[in-house]
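Have a look at the structure below, then the notes.
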Amino acid sequence: NYIYLQPSGKIRDEAPEYLYTQADAYLYGGEAGFHFHPHPLDWLHINCSYSNTTGQDKYRNDLPLMPSQKIHATVSASFSGKQIVEKFSVYLNNQYLLAQNQVASYEEPSPAYNLLSAGMSVELSYNKQKLLFNVAANNLFNAVYYDHLSRYKTDGIYNMGRNFHVGLSIPLQWKL
């Protein structure tokens, strides 16, 4: 038996109404991926994965709120430094989410979208004190999208657009 939340298609107090439903159901899915680390290029890493989950009730109706199929790929490089710079890393990350058209009644399908991100990090050491600095840019092409499982989708609120992250970590070290 599978208990799930399903949109009813009704609006109550200006918000969509959802119903808990119980039915015999079949869930299928899986994830596959690989990590390629070519030698002698020890600094290079290539990761790729695919994931999918589908569900149907015993009458072969699609279950609601099933995630979109996802392809996730990352290329990264990491280099050892000398003296002040101990390590330097860069990455390029791509997430492609396929359109979700296998939806239950009263559920809206979601179009495909692509998110590209990039970043770098530097590990520094100065007078035996480590400093970790990183910078990243997410959704580089400012894709306008709804994640299929977003509760804000029905309110017309998109997921986050292009954004930047800058971080500095200073690990404190005490000797007792």
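The values are calculated or read from the model by the stated rules, or taken from the named source; none is laboratory data. Predicted model, so just to flag it, every value in this text is computed and none were measured. Counting neighbours? That spans all protein chains shown, and the Cβs are built from the backbone with ideal geometry, glycine included. Surface accessibility is based on the protein's heavy atoms, side chains included, excluding ligands, DNA and RNA. Shrake-Rupley method; radii C 1.70, N 1.55, O 1.52, S 1.80 Å.
Details
- The orientation-averaged projected area of the convex hull spanned by the Cα atoms of the range 75-115 comes to 4.3 nm².
- Per-residue SASA entry for ASP42, accessible area with 1.4 Å probe, Å² rounded to 10: 90
- Under 5 Å, built H, 5+ apart or other chain: amide partners of LEU19: GLN6, SER8
- Once the mean of 1/r is taken over each pair of separate Cα atoms and inverted, the chain shows a Kirkwood hydrodynamic radius of 19.8 Å.
- Taking all protein chains into account, the per residue accessible area for the range 29-176 stands at 67 Å² (1.4 Å probe).
- Reduced Cα scattering model of the range 1-73, Debye log10 I(q)/I(0), q = 0.12, 0.18, 0.25 Å⁻¹: -0.54, -0.81, -1.08
- Within the accessible area of the range 30-106 (1.4 Å probe), percent carbon and sulfur: 57
- THR154 sits with roughly 80 Å² accessible to a 1.4 Å probe, with DNA, RNA and ligands left out of the calculation.
- Exposed-site-free run, longest, the chain (rule: chymotrypsin sites (Phe, Trp or Tyr not before Pro); DSSP loop; at most 11 other C-beta within 10 Å): 60-140
- In the range 6-61, the GluC sites (Glu not before Pro) that fall in loop regions by DSSP, at most 11 other Cβ within 10 Å: GLU14
- Of the trypsin sites (Lys or Arg not before Pro) found in the range 51-95, the ones in coil according to DSSP and having at most 13 other Cβ atoms within 10 Å of their Cβ are LYS58, ARG60, LYS82.
- The range 79-176 - convex hull of the alpha-carbon atoms, volume per residue in Å³: 153
- Using the Cβ of ASN101 as centre and a radius below 11 Å, the other residues enclosed give a net charge of -3, where K and R count +1 and D and E count -1.
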